1. Looking at this structure, is S167 free of Cβ contacts under 8 Å to residues at least 24 places away in the same chain and hydroxyl-bearing (S, T, Y)?
2. Please state which one of L157, L198 is in contact with a helix residue (DSSP H, G or I) (Cβ under 6 Å, 6 or more places away or on another chain) and more than 30 Å from P102 (Cβ to Cβ).
3. Is it fair to say L185 is closer than 30 Å to P125 by Cα, without any contact (Cβ under 8 Å) to a residue 60 or more places away in the chain and under 21 Å from the mean Cα position of the chain (by Cα)?
4. With respect to I23, determine if the residue is within 26 Å of L160 (Cβ to Cβ), outside any helix (DSSP H, G or I), at pLDDT below 95 and not basic (K, R).
5. Report, ordered by the first and then the second residue, all pairs with beta carbons closer than 6 Å, sequence separation of six or more or different chains, a first member in segment 200-211 that is under 15 Å from V146 (Cα atoms), and a second member that is charged (D, E, K, R) and part of a helix (DSSP H, G or I).
6. Suppose we keep only residues that are within 23 Å of L157 (Cβ to Cβ), modelled with pLDDT of 95 or more and touching a Ser or Thr at 6+ places or on another chain (Cβ under 9 Å) within segment 28-63. Which one would you say is surrounded by the most Cβ atoms within 10 Å (Cβ to Cβ)?
7. Tell me, yes or no, whether segment 111-121 has at least one residue that is under 29 Å from R36 (Cα atoms), out of contact with any strand residue (DSSP E or B) (no Cβ under 7 Å at 6 or more places or on another chain), without any contact (Cβ under 8 Å) to a residue 40 or more places away in the chain and of a type in the set (S, T, Y).
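The values are calculated or read from the model by the stated rules, or taken from the named source; none is laboratory data. Keep in mind it's a predicted model, so treat the numbers as computed, not measured. Here the Cβ is made from the backbone with ideal geometry for all residues, glycine too, and neighbour counts use every protein chain on show.
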Amino acid sequence: MGLSSVWGPTCERILIVGLTGGIASGKSEALREFRRLGAFTIDADEVAREVVLPGNEAYDQVVSEFGNGVLDEYGNIDRNKLAAVVFANEEKRLKLNAITHPAIFKEIAKRLTDFSSSLKPKDIPVAIVDAALIVDVGVAKLFDLVVVVTSSEEERLSRLVSKRGMSREEALKRIKSQVPEEKRLSLADLVIDNDKGLEELKNEVRRVWSKIAKKALELRD
């Protein structure tokens, strides 16, 4: 707690936790378990999809910058088409980030404020924000705690090939496009190991949630 200057004054009342991990680390599954345990959660990827829906300012800016070629037949932004345009072009990727990141940040701040403002005495004052690129884009300091879901490269490769249908070469390229796991772990306050299957992942999440909730309640008191 103490990031009110970043997220807004009412967020002083809550512990804001950043949840991150490399592609196929199991971060999304960990978020579902945190939610099942009663945590208030925000999925930054979900927010990213919402801010570029038709009618939003970011949608208009994306279409203006990249053209109608990134739209599907219904006039929505096709994320695969957009990714194909920006993935291999650093300048275009940075332009896209300059459009979408402020909109995503604004919406996350709004949700944090709404949650903080609606807290009841028995609620655990914790918000968990799932964002894959917390370390990649250098925003770890925006969170009271950073939780990293980690898994071996070989295990992540196996998941990308078997569950997402990627070739091993493509999967390895996606992994290598992100920051090294060592850097991610160096900024972690808490680590969730996901190399031993779903049930063990759930046990790891419960262990970490217990520590987070205890810290939040201690700070509130």
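1. It is true that S167 is free of Cβ contacts under 8 Å to residues at least 24 places away in the same chain and hydroxyl-bearing (S, T, Y).
2. None of the other options fit; the residue is L157.
3. Taking the combined requirement at face value, the residue satisfies it.
4. Yes: the conditions hold for I23.
5. Close Cβ pairs satisfying both conditions: V205/E33.
6. Result: L31.
7. Yes; the residues of segment 111-121 include at least one that is under 29 Å from R36 (Cα atoms), out of contact with any strand residue (DSSP E or B) (no Cβ under 7 Å at 6 or more places or on another chain), without any contact (Cβ under 8 Å) to a residue 40 or more places away in the chain and of a type in the set (S, T, Y).
Rundown of residues vs (1) free of Cβ contacts under 8 Å to residues at least 60 places away in the same chain; (2) of a type in the set (K, R), yes/no style:
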residue	(1), (2)
I14	no, no
T20	no, no
A24	no, no
R32	yes, yes
A39	no, no
I42	no, no
V52	yes, no
N56	yes, no
